[in-house]
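Heads up: the structure comes next, in structure tokens.
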Amino acid sequence: MSVLAIRSLSKAFGGVRAVNDVTFEIERGEFLAMIGPNGAGKSTCFNMINGQLKPDSGQILFEGSDIAGLEPRAIWRFGVGRTFQVAATFSSMTVIENVQMALISHAGETYELWRAAAELHRDRALDLLSQVGMREAADRPSRELAYGDIKRIELAIALANQPRLLLMDEPTAGMAPRERNDLIALVKQLVVERGTSVLFTEHSMDVVFAFADRVIVLARGRLIADGDPAAIRNNVQVREVYFGTGKTFAGVPQ
Amino acid sequence: MTFSAFLFQALNGLSTATGLFFIAVGLSLIFGVSRIINIAHGSLYMLGTYIAYSFATRIGGALGFWGGIVATTLIVGAIGALIEVLLLRRVYRAPELFQLLATFALVLVINDAVLWLWGPEDLLGPRAPGLRGSIEVLGRHLPTYDLFLIVIGPLVLVALHFTLARTRFGRLVRAATQDREMVSALGVNQAVLFTSVFALGAALAGFGGALQVAREPANLATDLIAIGDAFVVVVVGGMGSITGAYLAAVIIAEVKAICIGIGVVDFGFGTVNFSKLTLVAEFLVMAIVLIVRPYGLLGRPQGQVRSVAEPEDPIRPATPALKALGIVTLMFLLCLPLVAQSSPYLLILGIDVLIAIIFATSLHFIMGPGGMHSFGHAAYFGLGAYGAALLVKWLALPMGVALTAAPLVALAGALLFGWFAVRLSGVYLAMLTLAFAQIVWALVFQWETLTGGSNGVIGVWPPKPFDKASVYFLLTLVLAVIAVLLLRRFLFAPFGYSMRAGRDSALRAEAIGIDVKRVHWLGFAIAGAICGVAGGLFAFAKGSISPETIHVSRSIDGLVMVLLGGIQTLTGPIVGASVFATLQDTVMRQTEYWRALLGVIILLLVMAFPQGIVGAFSSLWRRAGAKP
């Protein structure tokens with residue numbers, strides 16, 4: 001069974017059909033890239049899956065249960081982690097406390113009034129930080145970190161509830177090319193170890209073609225292609241609506 | 001009431017609306033551009049009335065009156081510019097809301113300056129030359145001056161609208177209201193823009209005040225009444241919308257006018273005096289509007305403000321030095337009753353300070369870590385105080401039961417009000433909390449049969465052995481220590497962390513399963529309950545409780561204490577409350593002009609410690625520690 005099945009998902013803003021009858025699935029352990037030009041409906045689609053927008057129609061089945069229209073926090077409890085396009089962390093907390101918050105919430109201890117939060121799940125948090133290479137920075141204030149490191153913290157937070165599906169909205173936005181590859185390589189390694197599925201949107205084609213198992217392409221709200229990177233690269237329709245002259249591929253090693 | 005009387009009352013309301021509009025629109029413009037909540041705006045309005053009075057009486061005639069109104073507008077505008085340049089410009093980079101402290105100090109200073117210059121008597125100006133008569137409308141006499149006011153409001157609205165829509169200055173104001181960082185990044189001279197907007201807002205307030213000179217006497221209490229009304233108008237209309245401000249001014253003025261017009265109505269099961277409802281009517285309107293339309297009638301969600309202040313440091317458990325300091329202070333306080341045998345006043349001061357500490361610490365709990373800037377914390381103080389006092393008065397319950405009930409009554413109120421409040425954020429949340437506090441105040445003021453109305457509840461004295469100041473002091477000390485340590489414990493626990501998480505990034509907090517609204521709601525309730533303890537202690541300490549002790553000024557006192565100590569620190573509210581309560585109790589006794597003195601002291605503290613007293617000391621400490 002697929003981890004996530006999107007069935008005929010639609011959303012309109014006024015007269016604009018931002019997402020129009022989109023259907024696709026993600027298999028367990030799959031690394032799926034969602035690409036498309038600006039305004040294609042990627043973010044809208046994404047925000048419906050993570051609960052920030054309510055779909056007009058269609059189903060979002062996560063491991064068989066329909067999560068369409070639920071609050072983001074409820075979707076997270078099903079086992080869906082996420083990172084944001086502009087990294088969002090708790091700036092008044094240390095690095096490790098950021099991760100501990102996710103662990104505390106996962107353990108259902110949010111309303112606990114007595115025990116010191118800083119002592120809860122510290123080992124597990126340190127473990128997660130080691131996995132993303134940030135153990136050394138554990139006790140630093142998170143606001144002091146460079147953006148690339150914040151992205152790693154976000155990844156550790158997103159992995160804290162051992163999600164079966166990870167949603168990453170432009171995970172490498174705002175990063176230097178070298179950092180991008182490092183981050184995605186790290187994500188791929190971590191999810192392969194865990195068998196987690198990943199759905200990510202991305203503008204950087206070298207990242208997409210180097211790492212994605214499969215690629216889906218949106219244009220003007222519709223799904224126009226679904227296949228492995230090689231097939232997408234050679235898809236005539238994709239080239240037309242999205243890549244134009246096809247020069248985008250010039251620099252990508254075959 | 002006949003239909004024509006009703007219409008006439010409505011016309012009356014329209015002329016009042018003009019005054020409300022002039023003060024509110026300036027407040028809204030200034031807030032939009034600079035994000036400063038200018039509490040002193042009501043003082044500028046009051047200054048307008050006084051200055052125009054002087055022109056009209058000293059020079060006299062049409063020149064003195066009409067020329068005086070023009071001159072007053074310019075003078076108050078210039079005063080506004082001066083305030084911006086000399087004072088506010090220095091505190092723009094301080095943490096959010098800190099500027100509020102500075103403008104509050106100005107309220108105190110301006111009020112005493114007016115007292116000194118014009119004296120305490122109400123001053124009624126001459127009738128307007130050329131508009132002394134009245135015309136007959138609906139069989140009644142409507143003063144032509146009121147007609148003039150009805151017309152001038154919309155005229156200024158249209159003029160402002162065109163200025164904002166068509167001129168370069170207007171475009172900059174609108175742009176800065178949406179995104180001021182972007183405006184400054186585009187090379188616009190922000191200093192000039194801020195000063196000119198402040199001057200414009202002040203001039204409008206001065207103009208509005210000056211126009212009142214022929215209608216109402218100049219009065220020293222105008223400043224706080226005017227600012228309260230203006231807040232309501234701005235929030236109901238929607239921050240930054242000038243048309244909204246006019247619309248809201250009309251609605252509020254009409255509701256008040258109609259309440260007065262209706263008067264006493266017998267409903268069969270009882271009589272309701274609607275004219276008394278004016279005190280609470282505007283706040284009821286505001287509460288309803290905010291619940292239905294969270295950004296006001298014509299407002300839009302506030303533009304994103306990237307905080308200019310330093311972000312907060314992670315909280316750490318107390319260092320050994322801080323713990324030692326705490327224990328030494330506690331030892332000293334425990335010994336105070338022995339020291340104070342010769343001067344009983346010291347113990348009274350001590351009790352006041354301790355109550356202030358509970359009040360400020362509970363407010364800080366939601367303001368700092370919760371990011372909810374409550375402007376109505378006095379509500380929970382009042383619920384606690386009245387809850388305890390009424391149980392003693394009506395049921396003759398012992399003090400122990402009354403003091404236990406105090407936090408429960410406050411908790412119930414905080415649960416109810418908080419449920420609505422946490423649905424809003426920023427200045428709208430602040431105003432809704434203020435509205436709830438006013439409703440509580442009006443309730444105890446007008447429910448005379450239960451609460452004794454303006455006389456309050458008296459004879460709430462503690463039984464033996466607590467009737468001795470020293471014993472009551474110790475009781476207060478114990479409860480204060482428990483309250484402070486409890487709140488501190490909560491902040492270090494997952495709940496406090498979750499509250500901060502929701503403040504830092506609601507998006508991220510929701511994405512890791514935290515129900516931010518619910519966490520903030522419960523935080524609000526906890527703070528309300530603890531604040532109720534302060535209220536209960538206060539009632540027994542003074543032996544009485546009256547509506548004026550829970551008025552809006554107490555809410556503002558709380559804000560001042562928290563900001564003075566430093567909102568980003570955990571010990572800040574304790575220090576801020578101690579300093580403020582001590583200043584208030586001591587300075588007040590020294591001089592007739594205690595307000596101005598207190599204001600100047602606050603201004604100096606604001607300039608010297610832009611992060612609050614504790615904030616300043618802890619960064620000094622860190623810098624000293626960083627050196628080898």
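The values are calculated or read from the model by the stated rules, or taken from the named source; none is laboratory data. Given the structure is predicted, the values throughout are model-derived calculations rather than measurements. Virtual Cβ from ideal backbone geometry, glycine too; neighbours counted across all protein chains shown. These area figures cover heavy atoms from the full protein model, side chains too; ligands, DNA and RNA do not enter into them. Shrake-Rupley method; radii C 1.70, N 1.55, O 1.52, S 1.80 Å.
What to note about this one:
- Cβ-Cβ FRET estimate between B:Trp447 and B:Phe6, R0 fixed at 25 Å, reported to 0.05: 0.35
- Subtracting the Cα-Cα distance of B:Arg58 and B:Ala159 from 0.36 nm times their residue separation leaves 33.3 nm of extension gain.
- Using a 1.4 Å probe over protein heavy atoms, the accessible area lost on pairing A with B, summed over both chains, comes to approximately 3100 Å².
- Taking A:Leu166, A:Leu128, A:Leu120 as the candidate residues, the one with maximal mean-square fluctuation in a Gaussian network model of chain A, Cα springs under 10 Å, is A:Leu120.
- Model label sites at A:Arg28 and A:Leu126, defined 7 Å from Cα along the beta-carbon direction, differ in position by 3.3 nm.
- Most to least accessible of B:His141, B:His364 (protein chains only, probe 1.4 Å): B:His141, B:His364
- For the stretch B:3-292: Kirkwood Rh in Å [reciprocal of mean 1/r, alpha carbons]: 19.7
- When B:Trp116, B:Trp419, B:Trp441 are compared by accessible area of protein heavy atoms, the largest-first order is B:Trp116, B:Trp419, B:Trp441, using a 1.4 Å probe.
- Scattering from chain A was approximated by placing one identical point on each alpha carbon and applying the Debye formula without solvent; log10 I(q)/I(0) at 0.13, 0.14, 0.16 1/Å stands at -0.83, -0.95, -1.20.
- Residues A:His203, B:His551, B:His41 ordered from highest to lowest accessible area at a 1.4 Å probe: A:His203, B:His551, B:His41.
- For the protein assembly as shown, DSSP calls about 65 percent of its internal beta bridges antiparallel.
- Taken about its Cα centre, chain B carries a charge dipole of about 1320 debye when Lys and Arg each add +1 at the Cβ and Asp and Glu each add -1 at the Cβ.
- Lys, Arg +1 and Asp, Glu -1 on Cβ, resulting dipole of the stretch B:351-565 about Cα centre, debye, nearest 20: 360
- Normalised per residue, the accessible area of the stretch B:351-565 is 30 Å², obtained with a 1.4 Å probe and no contribution from ligands, DNA or RNA.
- Calculated accessible area for the stretch B:3-292 comes out at 40 Å² per residue, all protein chains present (probe 1.4 Å; ligands, DNA, RNA ignored).
- Once the mean of 1/r is taken over each pair of separate Cα atoms and inverted, the stretch B:233-300 shows a Kirkwood hydrodynamic radius of 12.6 Å.
- Distance between the stretch A:86-137 and the stretch B:77-128 - C-alpha centres, whole angstrom: 47
- To the nearest 10, the accessible area of B:Asp557 is 30 Å² with a 1.4 Å probe.
- Spacing of the modelled spin labels on B:Thr582 and A:Glu144, each 7 Å from Cα toward Cβ, amounts to 3.3 nm.
- Separation of alpha-carbon centers, the stretch A:211-227 and the stretch B:186-248, rounded to whole Å: 55
- Chain B: C-alpha gyration tensor shape, a/c 1.5 cut-off, then a/b vs b/c: prolate
- Of all DSSP-defined beta bridges confined to the stretch A:123-254, some 50% are antiparallel rather than parallel.
- Translational diffusion of the stretch B:326-380 was estimated from the Stokes-Einstein equation, with Rh taken as the Kirkwood radius over Cα pairs; at 4 °C and 1.567 mPa s the coefficient is 99 µm²/s.
- B:Cys335 accessible area, assembled protein chains, probe 1.4 Å, Å²: 60
- The slack between B:Gln341 and B:Thr167, meaning 0.36 nm per residue of separation minus the straight C-alpha distance, is 55.7 nm.
- Against the rule of thumb 2.2 N^0.38 Å, how large the Cα Rg of the stretch B:351-565 comes out: 1.00
- Antiparallel DSSP beta bridges within chain A, as percent of all bridges there, nearest 5: 55
- Within the accessible area of chain B (1.4 Å probe), percent carbon and sulfur: 69
- C-alpha center-to-center spacing [the stretch B:335-383, the stretch B:41-61] in angstrom: 39
- Scattering from the protein assembly as shown was approximated by placing one identical point on each alpha carbon and applying the Debye formula without solvent; log10 I(q)/I(0) at 0.07, 0.10 1/Å stands at -0.65, -1.19.
- Every Cα-Cα pair in the stretch B:561-628 was counted, and those over 16 Å apart are 50% of them.
- Tensor-based shape of the stretch B:511-618 (alpha-carbon gyration tensor, a/c under 1.5 rounded, otherwise prolate or oblate): oblate
- For B:Ile358, the solvent-accessible surface with a 1.4 Å probe is about 0 Å², rounded to the nearest 10.
- Principal-axis analysis of the Cα atoms of chain A puts helix A:147-159 at an angle of about 80° to the longest axis.
- Site-free segments of chain B were taken between trypsin sites (Lys or Arg not before Pro) in DSSP loops having at most 14 other Cβ atoms within 10 Å, sites themselves excluded; the longest one is B:133-305.
- Estimated distance in nm for a label pair at A:Ala12 and B:Val481, the labels positioned 7 Å out from Cα along Cα-to-Cβ: 6.8
- Placing a label point 7 Å from the Cα of A:Ser65 along the Cα-to-Cβ line, the residues of the stretch A:1-28 whose backbone N sits under 16 Å from it are A:3-5.
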